[in-house]
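These notes concern the structure reproduced below.
Values in this text are rule-based calculations from the coordinates and carry no lab data. Only a predicted model underlies this, so the values are computations on that prediction, with no experimental measurement involved. Positions of Cβ are generated from backbone atoms using ideal geometry, with glycine treated the same way; all protein chains shown enter the neighbour counts.
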Amino acid sequence: MSDDQQRHLLDPKLPYLMGARIDKAMADDAMRTAVTSTTAAKDVLRKEVFANSFAERYPAIKREAARIKAHCLDNLRHYIDKFAGAVEGLGGKVHFASDSQEANRICVAIAKAEGARLCVKSKSMVTEEAFLVRDLEDAGVETVETDLGEFIVQLDRDAPSHIVTPMIHKDRRAAGRAMQRELQVEYSEDPSKLTAIARSYLRDKFRHADLGISGANFLIAESGSLVLCTNEGNAGLSVTSPRVHVVFAGIEKVIPRLSDLPFFLKLLARSGTGQDLTVYTNIISGPRRSSDPDGPEELHFILLDNGRSKVLASDQSELLACIRCGACLNACPVFRAVGGGHAYGAVYSGPIGAALTPLLRGLENYPDLPQASSLCGACHEACPVDIDLPKHFVSLRRAQIEQQIVGWRERLAYRLWAKSMRSALLFRMGSRMGRIALGLLSSRQSGKAGDRRWLMRLPWPMKAWSMDRDLPMPARRSFRQLWKSECGVGKNG
Amino acid sequence: MVEGTSREHFLARLGPATSPAAEDLSVDHELLRLVGPEEDLLARFMQEAAGLGMQPRLVQAESLELEMSRLLSELAPVSACLSLADGQLRSLVLRAMHSAGCEARDTTMSRGIAAQYDVDIGITDVCHGVAETGSLILNSAAGRSRGAHLVPPIHLAILYREQILPDLVDFFTATGESELATAQVFVTGPSKTADIEGVLVTGVHGPRAVHILVVDN
Ligand code: SF4
């Protein structure tokens, strides 16, 4: 299945502007409701489990986890080298890929060398980033997503919309229709029935697959181990049954020692799904040994740079500490308002995606993403490794202004505003004139909060800017005017 | 085979080489501790495991064989695969299976993982239990199988009371662990998903039921 639609959704033509997909999401109440209710429930659950477990110790644990990650990133070269050495010592092979095309070429070459025809794959964001499935299918290797959500998304030739719960934008009817159409089974809306259908279809695939592909939640430098955290058991099956196991991993996944792992295990599941631990935590150290009764005979790691070394060298390297728990997506009001991940036009969505994508793929290619935040701070509060995401949005916005990516008119407007803020007279004049002018442009909107006038569209030169923004009209009388009349403060007030 | 970027080139982009002295990093594991050794580990384990939807059952060592054959009669599997390193335990399990009318398929060495897809139950020993989370920790070392706990629709685990660790942290900070097994897995509940509208469904790809016989010596 060469997936044109997926290409289009998460790998759009660049530069990518969010407007069209936001409009689409705005028109799709069902999708926005689904995304909002699921993320809001997860957000509440996350707070509860942390309060019930670590309580007041939580901030200190976050800082400790952040410190371990910062240490890894500061010494990433050393730990990647060490990891590679340890894997080779166990009989595995490590490949280094500068970009995603190279990673896919290596993977396709391994598949061909092994004569692989059927590949089972567990959920992995980095394989999404590389569009690996597309390249494997083009090379004639049937590749099946085995995570239930990813499987349904694949049946629909759709794209994941959340880094942890990929079909957050779909409901049970969509799942039922996809299975009915693609697997020729009877239509059902019952999640247990749908799950049972997927189970029996995929068991057959697991059983006969000759290649298993997984991502990595963590890589352990000292022991050369791979750590996978899942709930369904599909990762375990994907990397136990087939003869060859290929791991795709970004370089930022490495942590120093096995003894550092409990920090991340205890944080990841609580942050992602509100569990104490995912159902399955697999620690895999090398290919099958002669004393092992089962397991893959070959183990390959493909370590991917794909822009990460640039981020590492920048003053935004902290973003590489992300453990992809999805908590910031669940906490983000913008993520909910835009109906989930597709609006971000890239594999990583939500706050972490909005900060990371411009760095990985070019700020000029994703000029809207740094603005896709209200800077409310919910993402920073949610992050178990203490990444100060709002700070990164501000940095990116500053870079945009410096690189003149923001249009000259917007820059001009900000400059005028900055100037007026410095002069009381100019500010007063400006705000009074502005209020009169805006009054002429506004319209009364029903359905928006209160019976207030709203600015929906502004004329040139502000037209483009106002397309994606609705603003309430400023109050009829300014604060200064009110202050003067209500409180009787003198002229100098 | 396509060669990727050379290791030297790849590493060079990650900055200058640092000395191994850079590895100095001490962390405070006690921050993470939720269960201490002073707690009633057995009670906590039973409670956590049951809370996750597993089915723990406490048995006395001398009645293990009887309890196991009772449980097998209840579950009525036709065939089983075994992943048991200890010879004595293995014979005990085989006797219990025999009296429950269940056939053992030796999938561990000779027939590989494919055969595990056809059996009704996987019976395994474990290395540790974790009181904090109700998890079972399984190792593939010493002739144990990687698939036995995962492939069949039911998993039956045998855990000895003294194998229960207080906290996950204790597993990772235990010194003197022997060589790392090829595959270790922490099993914390039956296989589950909430991918379709957040509705919880158990038994997706892995087993839908996990029975644990907790043996008290
Ligand atoms: S940035 Fe933090 S909260 Fe967001 S996915 Fe990464 S680790 Fe989780």
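So the values come out like this:
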{"item": "Selection status of A:Ser238, over 20 Å from the mean Cα position of the chain (by Cα) and under 19 Å from B:Pro152 (Cα atoms)", "result": "yes"}
{"item": "Residue within the stretch A:360-378 that is within 13 Å of the ligand (Cβ to nearest atom) and either part of a helix (DSSP H, G or I) or within 14 Å of chain B (Cβ to nearest Cβ) (or both) present", "result": "yes"}
{"item": "Filter pass, A:Gly295 being crowded, with 24+ Cβ neighbours inside 10 Å, touching a residue at least 12 places away in the same chain (Cβ under 8 Å), facing chain B (nearest Cβ under 7 Å) and outside any loop (DSSP other than H, G, I, E, B)", "result": "no"}
{"item": "Filter result for A:Gly85 (within 11 Å of chain B (Cβ to nearest Cβ) and in contact with a Pro (Cβ under 7 Å, 6 or more places away or on another chain))", "result": "no"}
{"item": "The stretch A:112-125: number of residues that are surrounded by fewer than 24 Cβ atoms within 10 Å (Cβ to Cβ) and of a type outside the set (D, E, K, R)", "result": "4"}
{"item": "Cross-chain or 6+ apart pairs with Cβ under 7 Å, the stretch B:206-217 first and under 21 Å from B:Glu65 (Cβ atoms), then part of a loop (DSSP other than H, G, I, E, B) and hydrophobic (A, V, I, L, M, F, W, C)", "result": "B:Val210/B:Met54; B:Ile212/B:Met54"}
{"item": "Check on B:Glu179, acidic (Asp, Glu) and on the phi > 0 side of the Ramachandran plot", "result": "no"}
{"item": "Subset of the stretch B:38-62 (residues that are closer than 22 Å to A:Phe50 by Cα and assigned to a loop (DSSP other than H, G, I, E, B))", "result": "B:Glu39, B:Leu52, B:Gly53"}
{"item": "Selection from the stretch B:77-106 of residues that are in contact (Cβ under 8 Å) with a residue 40 or more places away in the chain and farther than 16 Å from B:Tyr160 by Cα", "result": "B:Pro77, B:Val78, B:Ser79, B:Ala80, B:Cys81, B:Leu82"}
{"item": "Criterion violated by A:Ser161 - all others in (1) surrounded by fewer than 24 Cβ atoms within 10 Å (Cβ to Cβ); (2) touching a helix residue (DSSP H, G or I) at 6+ places or on another chain (Cβ under 6 Å); (3) among the hydroxyl-bearing types (Ser, Thr, Tyr) satisfied", "result": "(1)"}
{"item": "Selection count where residues are more than 17 Å from the chain's Cα centre (by Cα) and part of a helix (DSSP H, G or I), scope the stretch A:298-331", "result": "4"}
{"item": "Pairs with Cβ under 6 Å, 6+ apart, first in the stretch A:323-337 and more than 6 Å from the ligand (Cβ to nearest atom), second among the aliphatic types (A, V, I, L, M)", "result": "A:Ala331/A:Ala378; A:Ala331/A:Ala382; A:Val334/A:Ala372; A:Phe335/A:Leu329; A:Arg336/A:Val35"}
{"item": "Hits in the stretch A:38-80 (condition: within 8 Å of chain B (Cβ to nearest Cβ) and loosely packed, with under 14 Cβ neighbours inside 10 Å)", "result": "A:Ala41, A:Ala60"}
{"item": "Residue ID - nearest to the ligand (Cβ to nearest atom), chosen from residues in the stretch A:307-322 that are within 14 Å of chain B (Cβ to nearest Cβ) and among the aliphatic types (A, V, I, L, M)", "result": "A:Leu320"}
{"item": "Top-ranked residue of the stretch A:342-359 - restricted to ones that are part of a helix (DSSP H, G or I) and within 12 Å of the ligand (Cβ to nearest atom), ranked as nearest to A:Ala27 (Cα to Cα)", "result": "A:Gly350"}
{"item": "A:Ser200 vs. criteria surrounded by fewer than 24 Cβ atoms within 10 Å (Cβ to Cβ), within 7 Å of chain B (Cβ to nearest Cβ), without any contact (Cβ under 8 Å) to a residue 60 or more places away in the chain and part of a helix (DSSP H, G or I)", "result": "no"}
{"item": "Residue tally, condition within 20 Å of A:Gly286 (Cα to Cα), touching a Leu at 6+ places or on another chain (Cβ under 7 Å) and not hydrophobic (A, V, I, L, M, F, W, C), over the stretch A:96-121", "result": "1"}
{"item": "Residue, farthest from the other protein chains (Cβ to nearest Cβ), within the stretch A:268-292, restricted to residues that are under 14 Å from A:Val227 (Cβ atoms) and within 16 Å of the ligand (Cβ to nearest atom)", "result": "A:Leu268"}
